[in-house]
Amino acid sequence: QADLADQEKILPSVVQGDSLACRKLESKMHSTQPPARFSEAALTRELERRGIGRPSTYASIIETIQARDYVFKKGNALVPTWPAFAMVRMMEEHFMELVDYEFTAQMEDLLDEISRGHAEHLTYLRNFYFGANNQGLKSKLVTKLKEVDARAICTFPLGSPESGENREPVAIRVGRYGPYIEQGDRKASVPNELPPDELTLEFAIELLSQSKVSDAPLGVDPATGKPVFVKNGRFGAYVQLGTSDDDEKPKNASILKSMKPDEVTLEIALKLLSLPRTVGPHPTDQLPIVAANGRFGPYVKWGNETRSLPAEVSPLDVSLDDAVLLLAQPKARGRGKAAPKEPLKIFDKPSPVTGEPIKLLDGRYGPYLNDGVTNASLPKGLSAEELTFERSLDLLAERAAKGPSAGAKKSRRKTATKTSAPKKSASKKAKKKSAGGEILS
């Protein structure tokens, strides 16, 4: 706009019917970028800007939308899901007043009034739910139950193919067990962590084609006479023995991470379906060693001892000698803790207090700072990218000023109590327990 303003000129005098000649033609291209997805910190700032919630509720809001699968995290970004789109559509079309930003902000003010004792909470709830002349939320819910078309709410058209044999429209549907693609009688599951903007018409047709291929069996299991399939589900590719039309529920087994679905043969599929398999007896006590494919990957088990299999070793063909050798190795303290994690961030300047480098580490309960002496948790909503050296110094100083953690103090108190506190008599214990029961009642 500034460039155009600088180039503004008065046009020559022209009249209708004059012919104009093009002396020069210059093409210019300008591309725009979509706005970045919300991170937890950016969403918190937006809620604060709109007056929705308060600092004590921001963390629970973000936890709730993740727990209900309305968003999932991809890096630091919060990616909305198809169930979230369906829920937003339903609320906007039928309960717009409840999701209006102004209504939400005003409710915060009303809750403040109630907390200060200037308004009565039961009166507010009664008016909200029943309303004047029975026109509150309750009556609206009864009406909307008849009006809401769940199928329409949960359907998102992608378009129709312009070529190919099947040109029926393709749509995304949100079902009880998650979103899926539908084209006529054909259906295909949508991968769990596929962002909605990446599910184009072309990709949807590709998923439908893969699903059609999975309808053709690899072969027949000689032991049961049932067909064996390779299928794609919400959690990835798997093999299946039998069909849903059988009296028994089909048996499933996930394919190994090192495998590709199109490389799975009937022989491999039958081996996967046979897991867990007995590798052989352990030489020390003759108890069986079992190889299996679990939630966290393939492993071997002997009694109460388990060891994860290396990436290059398959549970389908791990030998007895290899399993015994692996079980003889010391067990790491917790999964994935054999090797320390790399720091998320290391600042160039050392700590002016300890002289040690300040690191941002990934801990069991989230990221935290360490200067060689003090550990300081990172506040919720503050990402590693937004963390500055000065902010790190402030967090470490605040944590150091608080002294030892509550856990450490509690541990010392317990130790002191065990060594010095006299034991109470049984009657005093019973009396205290009784009093406690009355208080709880």
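The values are calculated or read from the model by the stated rules, or taken from the named source; none is laboratory data. As the structure is a prediction and not an experimental result, all values here were calculated from the model. A quick note on method: Cβ atoms are made from the backbone with ideal geometry, for glycine too, and the neighbour counts reach across all protein chains shown. The protein model used for the area step is the full one, side chains on, heavy atoms only, and it has no ligands, DNA or RNA in it. Shrake-Rupley method; radii C 1.70, N 1.55, O 1.52, S 1.80 Å.
Some points to look at:
- Subset of region 269-291 [touching a strand residue (DSSP E or B) at 6+ places or on another chain (Cβ under 8 Å) and among the polar types (S, T, N, Q)]: THR278
- Count of region 307-321 residues, restricted to those that are crowded, with 17+ Cβ neighbours inside 10 Å and over 21 Å from LEU270 (Cβ atoms), is 2.
- Selection within region 133-156 - of a type in the set (A, V, I, L, M, F, W, C) and open to solvent by 80 Å² or more (accessible area, probe 1.4 Å): VAL142, LEU145
- Single condition LYS28 does not satisfy, out of (1) open to solvent by less than 100 Å² (accessible area, probe 1.4 Å); (2) closer than 29 Å to GLU198 by Cα: (1)
- Any hit, region 22-37, residues being in contact (Cβ under 8 Å) with a residue 24 or more places away in the chain, touching a helix residue (DSSP H, G or I) at 6+ places or on another chain (Cβ under 8 Å) and in a helix (DSSP H, G or I): no
- Test for ILE61: is it touching a strand residue (DSSP E or B) at 6+ places or on another chain (Cβ under 9 Å), in a helix (DSSP H, G or I) and either among the acidic types (Asp, Glu) or at pLDDT 90 or above (or both): no
- Subset of region 131-170 (residues that are in contact with a Gly (Cβ under 9 Å, 6 or more places away or on another chain) and not basic (Lys, Arg)): LEU137, SER139, CYS154, ASN166, GLU168, PRO169, VAL170
- Within region 339-388, the set of residues being closer than 21 Å to LYS402 by Cα, in contact (Cβ under 8 Å) with a residue 40 or more places away in the chain and open to solvent by less than 30 Å² (accessible area, probe 1.4 Å) comprises SER351 only.
- Test: residue in region 180-189 that is surrounded by fewer than 17 Cβ atoms within 10 Å (Cβ to Cβ) and of a type in the set (Ser, Thr, Tyr): no
- Tallying residues that are touching a Ser or Thr at 6+ places or on another chain (Cβ under 6 Å) and open to solvent by 100 Å² or more (accessible area, probe 1.4 Å) within region 31-45 yields 0.
- Annotation: of all residues in region 286-306 being among the charged types (D, E, K, R) and at pLDDT below 90, the one that is most open to solvent (accessible area, probe 1.4 Å) is ARG295.
- Residues being open to solvent by less than 40 Å² (accessible area, probe 1.4 Å) and farther than 10 Å from ALA105 by Cα - total across region 46-56: 0
- Residue list for region 252-273, filter: assigned to a helix (DSSP H, G or I), farther than 21 Å from ALA223 by Cα and not charged (D, E, K, R): PRO261
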